[in-house]
There are 2 protein chains.
Amino acid sequence: MPTYEDANIFAKMLRGEIPAYKVYEDDKSLAFLDIMPRAPGHTLVIPKSKARNILDVAPDDLAHVIKVTQKIARAAMRTFDAEGVTIQQFNESAGGQVVFHLP
Amino acid sequence: MPTYEDANIFAKMLRGEIPAYKVYEDDKSLAFLDIMPRAPGHTLVIPKSKARNILDVAPDDLAHVIKVTQKIARAAMRTFDAEGVTIQQFNESAGGQVVFHLP
């Protein structure tokens, strides 16, 4: 698997080089709205650590990200008065990944 | 949200009432092959705790499940010599959920 590349768009968001519509942030993760939402409230949750995807992320960083994802899912249900929520996570191009920083 | 229902098919697998093609098991989780795979190696990872989906599962149980999911994803990449892997998680009917035990 290729290694992490610092020039990816999520890394630029984390460094503040490009803007992000942040909905949650802590010392280890960031959640922000997708620029091309596939559903109302489409939010991306990423770790701040340099992980390419689920194949190389540190297990504890991954665990933190899914806990934040749970918070976001619950908040999205309330905010949009939604009846359901779908979570997807893509790894490598063949797995549907577009930006090579773990979302 | 409706509460957890003991008659769901995953609960029956966990109780050994119906068979499952197990690929991993520990005290808190079970991973097994989907009976109608959407891709080669389609595996479901579920907690043994009685959680309906991501909206009600205990955060630590959820964290454990995603760590196991990472193990399965890595193993699937090796086993199938795959170039990528996709992870999906559905919540409530509107979110694509079919069996109401957290997968």
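Brief remarks on what is shown
Per-residue answers, yes or no, for (1) farther than 25 Å from B:LEU62 by Cα; (2) within 12 Å of chain B (Cβ to nearest Cβ); (3) not β-branched (Val, Ile, Thr):
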residue: A:ARG15; (1), (2), (3): yes, no, yes
residue: A:MET36; (1), (2), (3): yes, no, yes
residue: A:ILE72; (1), (2), (3): no, yes, no
residue: A:PHE80; (1), (2), (3): no, yes, yes
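- Selection from segment A:82-103 of residues that are within 9 Å of another protein chain (Cβ to nearest Cβ), under 22 Å from A:MET13 (Cα atoms) and surrounded by fewer than 22 Cβ atoms within 10 Å (Cβ to Cβ): A:ILE87, A:GLN88, A:PHE90, A:GLU92, A:SER93, A:GLY96, A:GLN97
- Residues of segment B:45-103 satisfying the condition of being within 25 Å of B:GLY16 (Cα to Cα) and among the hydroxyl-bearing types (Ser, Thr, Tyr): B:SER49, B:THR69
- For segment B:32-39, the criterion of a residue being surrounded by fewer than 20 Cβ atoms within 10 Å (Cβ to Cβ) and closer than 21 Å to A:LEU102 by Cβ is satisfied by at least one position.
- Of the strands (runs of 3 or more DSSP E) lying entirely inside chain A, those containing at least 1 residues that are of a type outside the set (A, V, I, L, M) and more than 12 Å from the chain's Cα centre (by Cα) are A:85-91.
Each reported figure results from applying straightforward, stated rules to the coordinates on display, with no laboratory input. Fair warning: this is a prediction, and the values are worked out from it, not measured in the lab. Glycine gets a Cβ as well: all are built from the backbone with ideal geometry, and neighbour counts include every protein chain shown.
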